[in-house]
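Read through the structure below, which is laid out as structure tokens, and then see the notes.
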Amino acid sequence: MATQTLRDLAKVIRSKNAGPFEITFDVIFEHAEQYARVKKSGALAPERICALYRVPAEDIVTHMFFEPARAFKLTLRRRWAQGSVGERDTFGAQQHAPLLDVVIDDAAR
């Protein structure tokens, strides 16, 4: 299979507010094969998430693949409280962008 990005394989990639101190991310796949491919690739490993979002591992609250929904769920601690001075995305709706171009490389397995 050719190398593709997460945006090529997922039906939904989104982020949203999860309270005043967390942002949650959902990556949802239409087909089980796409879900399994991404899971097996290791492209969403905690180390990769930390590098993408420039956060320490302690800031990962939830990091899981959920097979019944063919989805990946990630929750990160916010760098500052929702609505505080300097906050740029109170709804957390723009924070999924770094996930879009994550390369899913079958050779990396």
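The values are calculated or read from the model by the stated rules, or taken from the named source; none is laboratory data. The model shown is predicted, which means the values in this text are computed figures rather than measured ones. Positions of Cβ are backbone-derived with ideal geometry, glycine not excepted, and every protein chain shown enters the neighbour counts.
Just one of (1) surrounded by 12 or more Cβ atoms within 10 Å (Cβ to Cβ); (2) under 26 Å from GLN82 (Cβ atoms); (3) not aromatic (Phe, Trp, Tyr) trips up THR3, so point out which.
(2)
Between a first residue in region 48-64 that is over 13 Å from GLU22 (Cβ atoms) and a second residue that is among the aromatic types (Phe, Trp, Tyr) and surrounded by 14 or more Cβ atoms within 10 Å (Cβ to Cβ), which pairs have beta carbons less than 8 Å apart while being 6 or more apart in sequence or on different chains?
MET64/PHE72
Keeping to region 1-15, report how many residues are of a type outside the set (Ser, Thr, Tyr), at pLDDT 95 or above and not in a loop (DSSP other than H, G, I, E, B). Step through it out loud before you land on a result.
Taking region 1-15 as the starting set, the residues that turn out to be of a type outside the set (Ser, Thr, Tyr) are 1-2, 4, 6-14.
Those left that are additionally at pLDDT 95 or above: 6-14.
Still in the list and also not in a loop (DSSP other than H, G, I, E, B): 6-9, 12-14.
So the count comes out to 7.
Among the listed residues GLY42, GLY83, which satisfies the condition of being in contact with a Ser or Thr (Cβ under 6 Å, 6 or more places away or on another chain), on the phi > 0 side of the Ramachandran plot and of a type outside the set (Lys, Arg)? Walk me through how you get there before you give the answer.
Details: GLY42 fails: in contact with a Ser or Thr (Cβ under 6 Å, 6 or more places away or on another chain).
Going through GLY42, GLY83 in turn, just one is in contact with a Ser or Thr (Cβ under 6 Å, 6 or more places away or on another chain), on the phi > 0 side of the Ramachandran plot and of a type outside the set (Lys, Arg): GLY83.
Has region 29-39 got at least one residue that is in a helix (DSSP H, G or I), touching a Phe, Trp or Tyr at 6+ places or on another chain (Cβ under 9 Å), among the aromatic types (Phe, Trp, Tyr) and at pLDDT 95 or above?
yes
So, of the residues in region 68-104 that are outside any helix (DSSP H, G or I), in contact with a helix residue (DSSP H, G or I) (Cβ under 6 Å, 6 or more places away or on another chain) and not basic (Lys, Arg), which turns out to be farthest from ALA32 (Cα to Cα)? Give the derivation first.
Step one: list which residues in region 68-104 are outside any helix (DSSP H, G or I), which gives 70-96, 101-104.
Retained after the next criterion (residues that are in contact with a helix residue (DSSP H, G or I) (Cβ under 6 Å, 6 or more places away or on another chain)): 70, 76-77, 102, 104.
Going one step further and asking which of them are not basic (Lys, Arg), we end up with 76, 102, 104.
Values: LEU76: 26, VAL102: 19, ILE104: 15 Å.
Among them, the one singled out is LEU76.
Within region 51-63, work out how many residues are out of contact with any strand residue (DSSP E or B) (no Cβ under 7 Å at 6 or more places or on another chain) and surrounded by 12 or more Cβ atoms within 10 Å (Cβ to Cβ).
Going residue by residue through region 51-63, those that are out of contact with any strand residue (DSSP E or B) (no Cβ under 7 Å at 6 or more places or on another chain) are 51-52, 54, 56-58.
Now restrict to residues that are surrounded by 12 or more Cβ atoms within 10 Å (Cβ to Cβ): 52.
So the answer is 1.
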